[in-house]
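> Sharing a structure here in structure tokens format.
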Amino acid sequence: GGTLICDEEEIVEKRIVSGVTMSRDEARITLLGLADRVDAPADVFTRLAEANVNVDMIVQSQARTAGTVNLTFTTGRRDAQRAAELMRAAQDQIGFEELRVDEDVAKVSVVGVGMRSHAGVAQTMFKALADKGVKFQAISTSEIKISVLIDAAYAELAVRALHSAYGLEAV
């Protein structure tokens, strides 16, 4: 055999990621045209917490209408309808224009140690997904995990692409 020469950064990055996980027990709820009040997100998440609805990913973005934002969060599928009903029942108090629920989503994560201190980990993930045409609707990061919310139809494809990108054994 010969000597395999590769980039040290590449080796470190591949070793940082120890696995890929996938969950189909996800639902995405979006409040469109939420009043851009400083207390609006607290109002939303207080109502959900009081009803014991666990929230995972949260994304707030500018809405088309001035003075409003779109607030998206994910929850377990079994809590989605209850969360939607809570939001609809309090629509006037919370102050949003439209509610959307999507239960056809999956969360795919790459897991490892010390991810925040290695910039290439996220880039590798995003490129691997982009190369397969997988769009993501939300992203969350922590010290041990980077997760993306995607259309459930792409879940297996995404998992395979990420296993390949990080040099992990196929599942």
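The values are calculated or read from the model by the stated rules, or taken from the named source; none is laboratory data. A quick note: this is a predicted structure, and the numbers were derived from the prediction, not measured. Methodologically, a virtual Cβ is constructed for each residue, glycine included, from the backbone with ideal geometry; neighbour enumeration extends over all protein chains shown.
> Could you tell me whether any residue of segment 126-135 is free of Cβ contacts under 8 Å to residues at least 24 places away in the same chain, closer than 18 Å to Met22 by Cβ and not in a helix (DSSP H, G or I)?
Looking for residues that are free of Cβ contacts under 8 Å to residues at least 24 places away in the same chain, closer than 18 Å to Met22 by Cβ and not in a helix (DSSP H, G or I), one finds at least one in segment 126-135, hence yes.
> Here is a follow-up. Of all residues in segment 85-125, count the ones that are assigned to a loop (DSSP other than H, G, I, E, B) and out of contact with any strand residue (DSSP E or B) (no Cβ under 6 Å at 6 or more places or on another chain).
Count: 5.
> Additional query: Does any residue of segment 61-80 turn out to be assigned to a helix (DSSP H, G or I), in contact with a Leu (Cβ under 9 Å, 6 or more places away or on another chain) and over 18 Å from Ile139 (Cα atoms)?
For segment 61-80, residues assigned to a helix (DSSP H, G or I), in contact with a Leu (Cβ under 9 Å, 6 or more places away or on another chain) and over 18 Å from Ile139 (Cα atoms): present.
> Oh, and also: Name every residue in segment 35-77 that is in contact (Cβ under 8 Å) with a residue 24 or more places away in the chain and either in the same structural domain as Ser142 (by TED's automatic domain parsing) or among the hydroxyl-bearing types (Ser, Thr, Tyr) (or both), in order of residue number.
Thr65, Thr68, Thr72, Thr74, Thr75, listed by residue number.
> A follow-up question, please. Here is a check on your reading of the model: is Glu156 over 19 Å from Gly33 (Cβ atoms), in a loop (DSSP other than H, G, I, E, B) and among the acidic types (Asp, Glu)?
no
> Considering only segment 136-171, state which residues are among the small types (Gly, Ala, Ser), without any contact (Cβ under 8 Å) to a residue 60 or more places away in the chain and either over 25 Å from Ala27 (Cβ atoms) or outside the structural domain of Val111 (by TED's automatic domain parsing) (or both).
Ser164, Ala165, Ala170
> Considering segment 107-140 alone, what residues qualify as being β-branched (Val, Ile, Thr), under 21 Å from Ile58 (Cβ atoms) and surrounded by fewer than 16 Cβ atoms within 10 Å (Cβ to Cβ)?
Passing the criteria: only Ile139.
> Hey, another quick one. Going by the conditions given, is Val148 at pLDDT 95 or above, in contact with a strand residue (DSSP E or B) (Cβ under 6 Å, 6 or more places away or on another chain) and over 18 Å from Asp56 (Cα atoms)?
In short, no.
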